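All remarks here apply to the structure that follows.
The values are calculated or read from the model by the stated rules, or taken from the named source; none is laboratory data. Everything quoted here is computed from the prediction, not taken from an experiment. Reconstructed Cβ throughout: ideal geometry from the backbone, glycine too, with neighbour counts over all protein chains shown. Just the protein is used for accessible areas: all its heavy atoms, side chains included, with ligands, DNA and RNA removed. Shrake-Rupley method; radii C 1.70, N 1.55, O 1.52, S 1.80 Å.
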Amino acid sequence: MSVFDKIITMFSAGGEPLAYSCMVFFQRGTCDLDAAMTALTGYGLTVVRRGDELTAGRAGSPQFRIVLSVAPHVAAEAAEIGEGTPYAAAMRDCTARFEVGFEDLNAALYEINTLMEVQGALQDASRGYLFLPWNGNLSEPWQG
């Protein structure tokens, strides 16, 4: 099983496996859930915190569950995802990630604006690299 296949199914939020996910990788200590919550609300999203999990979205749109992982496997997976890309060196330094989970990829893509706002807010807060397992795309932090 490739790292991409493992990532799609490996984490659970709220005790329930998520059907789909994307991730924002960054250096541990750069960002936390409080900063993520501030960034998400700054985009006008409704955010609810339950313990170590955030749920973000808009009325009538899919809800996105966000958890912060600093588990030991995060660094190894970041390095593997970055291998062979222009971001390989930076990804080797990533030891934390936000895991953004959602139940229905088609619904999330249909309401792409909310998904992009969640991803953008987390990248802004962490200066992180966005990875989309469903297409293998890795994007650098916004340089604005």
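Counting only protein heavy atoms and using a 1.4 Å probe, what share of the accessible area of the chain belongs to carbon plus sulfur, as a whole percent? The partial results should precede the final answer.
Working: 3610 of 7070 Å².
On the chain, the fraction of accessible area on carbon and sulfur atoms equals 51 percent.
I'm checking a number: the convex hull volume of the Cα atoms of the stretch 96-144, normalised per residue, in Å³. What is it? Don't skip to the end; give the middle numbers.
Working: hull volume 4.0 nm³, N = 49.
Spelled out: Cα convex hull of the stretch 96-144, divided by residues, is 82 Å³.
Which order do peptides 49-56, 74-81, 91-98, 107-114 fall in by mean Cβ count within 10 Å, highest first?
In decreasing order of mean packing, 49-56, 74-81, 91-98, 107-114 become 91-98, 74-81, 49-56, 107-114.
If one computes P(r) from the Cα atoms of the stretch 36-144, what percent of pairs lie at distances over 22 Å?
Working: 1837 of 5886 pairs.
Distances greater than 22 Å cover 31 percent of the Cα pairs.
Would you calculate a helix-derived [θ] at 222 nm for the chain, using -39,500 (n - 2.57) for each DSSP H run of n ≥ 4 and dividing by the full residue count, to the nearest 500? Could you put the intermediate results ahead of the total?
Values: 6 runs with 54 residues, N = 144.
Value at 222 nm, helices only: -10500 deg cm²/dmol.
What is the distance, in nm, between label points placed 7 Å from the Cα along the Cα-to-Cβ direction at ASP93 and at LEU105?
Taking the simple label geometry, ASP93 and LEU105 are separated by 3.1 nm.
How large is Rg over Rh for the stretch 49-90, taking Rg from the Cα atoms and Rh as the Kirkwood inverse mean of 1/r across Cα pairs?
1.17
Across the stretch 46-55, in residue order, what do the Karplus-derived ³J(HN,Hα) couplings come to in whole Hz, using 6.51 cos²θ - 1.76 cosθ + 1.60 with θ = phi - 60° and x for Gly and Pro?
7, 10, 10, 10, 10, x, 9, 9, 10, 10
What residues have an amide H closer than 5 Å to that of GLN27, excluding those fewer than 5 places away on the same chain, when H is modeled at 1.01 Å from N in the peptide plane?
THR95
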